[in-house]
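See below for the structure under consideration.
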Amino acid sequence: MTGPISLVYIRPYMKKSSRSRLIIMAHPDDPELACGGSIARWAEHDSVFNIIVSCGEKGTWNKNASPLLVASKREQEAKKAAQFLGVKKVIFLRHPDGEVATMKTLKLELAALIRKLKPYTIVTHDPWSRYFHPDHRATAHAVIEGIMIAREWHFYQFLLEIGLQPYRPKELLLGITDQPNYVNDITQTYKKKIKAISIHKSQLAQLPDWKKRVHNHVRKDGAVGGYKFGEGFYKLHI
Ligand SMILES: [Zn+2]
């Protein structure tokens, strides 16, 4: 049978298509802090990938700590937290902590990974928010410029030679923003976000009031969307 009647029977059995979501952040604990609750929600249906630009080897107050050991510890924490939230893979780009720059190498790394992983959504920092850490701004600008390279035919044509066709993601979410225009309801996954942040043990000593700060933030963002707990973003269609 053809025509609309057959569609009526087919539609209820059609599986909701799975999407790829790509979280690109400067440091190992940034994904959980910015969007751990959203990651947990997406991972129920979709393939989530985390890209960590720097391993955060200078992120310690212990003056005797070895930066190499700090980096290794933080990579392990990032993998464990991501695994807990259901992330498929964590990719480390290992740029120097505190010195992340929106340079050609980083833009090309991101463009190649965007073409390869074909994300529906990309999440990064909001480069126009009032951040203290310059790595967040540099990462976000590199993501925006990397998307431009990823979607256009005539940028860096060697990408075509290695089989990476142009790809245009559908949406860009800028996280921990001063002006959210889009909020994900994380009421059901808030506890998972807290647990995932607590896996970053090397960082918790430097953030003694982190639970209170996270709680206040997700309540404030949640209120914008009418939810108990939420993660706010500035959403751009690209
Ligand atoms: Zn950070």
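The values are calculated or read from the model by the stated rules, or taken from the named source; none is laboratory data. Computed from a predicted structure; not experimentally measured. Note that each Cβ is placed from the backbone with ideal geometry, even for glycine, and that neighbours are counted across all protein chains shown. When the accessible area is computed, the model is the full protein with side chains, heavy atoms only, and any ligands, DNA or RNA have been set aside. Shrake-Rupley method; radii C 1.70, N 1.55, O 1.52, S 1.80 Å.
For the stretch 1-112, list the helices (runs of 4 or more DSSP H) that sit wholly inside it and hold at least 3 residues that are modelled with pLDDT under 95 and more than 16 Å from the ligand (Cβ to nearest atom); which are they?
Details: elements: 4-10, 30-42, 67-85.
Because the criterion is at least 3 residues that are modelled with pLDDT under 95 and more than 16 Å from the ligand (Cβ to nearest atom), the helices (runs of 4 or more DSSP H) in the stretch 1-112 that meet it are 4-10.
Return yes when Leu22 is open to solvent by less than 20 Å² (accessible area, probe 1.4 Å), of a type in the set (A, V, I, L, M) and under 21 Å from Lys235 (Cα atoms) and no when it is not.
yes
Residue by residue through the stretch 25-77, note down the ones that are surrounded by fewer than 19 Cβ atoms within 10 Å (Cβ to Cβ) and polar (S, T, N, Q).
Correct list: Asn62, Asn64, Ser66, Ser72, Gln76.
Return the pairs, sorted by first residue and then second, in which the second residue is away from the ligand (no atom under 16 Å from the Cβ) and part of a strand (DSSP E or B), the first residue lies in the stretch 48-73 and is touching a residue at least 12 places away in the same chain (Cβ under 8 Å), the beta carbons are less than 6 Å apart, and the residues are 6+ apart or on different chains.
Note: pairs meeting the criteria are Val48/Arg21; Phe49/Leu22; Phe49/Lys89; Ile51/Ile91.
Is it the case, given these coordinates, that Ala82 is of a type outside the set (S, T, N, Q) and either open to solvent by 80 Å² or more (accessible area, probe 1.4 Å) or farther than 18 Å from Asp97 by Cβ (or both)?
So Ala82 passes the test.
Would you be able to say whether some residue in the stretch 89-107 is farther than 30 Å from Arg151 by Cβ, touching a helix residue (DSSP H, G or I) at 6+ places or on another chain (Cβ under 6 Å), buried (at least 18 other Cβ atoms within 10 Å of the Cβ) and among the basic types (Lys, Arg)?
There is no residue in the stretch 89-107 that is farther than 30 Å from Arg151 by Cβ, touching a helix residue (DSSP H, G or I) at 6+ places or on another chain (Cβ under 6 Å), buried (at least 18 other Cβ atoms within 10 Å of the Cβ) and among the basic types (Lys, Arg).
Restricting attention to the stretch 167-185, and to residues there that are open to solvent by 30 Å² or more (accessible area, probe 1.4 Å) and part of a strand (DSSP E or B), which single residue is farthest from the ligand (Cβ to nearest atom)?
Asp185
Taking the residues in the stretch 132-148 that are in contact (Cβ under 8 Å) with a residue 40 or more places away in the chain and within 20 Å of Lys235 (Cα to Cα) as candidates, determine which candidate is nearest to the ligand (Cβ to nearest atom).
Among those that are in contact (Cβ under 8 Å) with a residue 40 or more places away in the chain and within 20 Å of Lys235 (Cα to Cα), it is His136.
For the stretch 128-148, which positions are open to solvent by less than 10 Å² (accessible area, probe 1.4 Å) and either out of contact with any Ser or Thr (no Cβ under 8 Å at 6 or more places or on another chain) or closer than 23 Å to Ser20 by Cα (or both)?
Within the stretch 128-148, Thr139, Ala140, Ala142, Val143, Gly146, Ile147 qualify.
Return yes or no: is Leu164 more than 16 Å from the ligand (Cβ to nearest atom), at pLDDT 95 or above and crowded, with 20+ Cβ neighbours inside 10 Å?
So Leu164 fails the test.
Could you please give the count of residues in the stretch 53-92 that are over 22 Å from His125 (Cα atoms), touching a Cys at 6+ places or on another chain (Cβ under 9 Å) and hydrophobic (A, V, I, L, M, F, W, C)?
Total satisfying the criteria: 1.
With the condition being under 16 Å from the mean Cα position of the chain (by Cα), I'd like the helices (runs of 4 or more DSSP H) fully within the stretch 189-238 carrying at least 1 qualifying residues. Break it down into steps so the answer makes sense when it comes.
Numbers: elements: 190-198, 201-204, 210-225.
Of the helices (runs of 4 or more DSSP H) lying wholly inside the stretch 189-238, those with at least 1 residues that are under 16 Å from the mean Cα position of the chain (by Cα) span 190-198.
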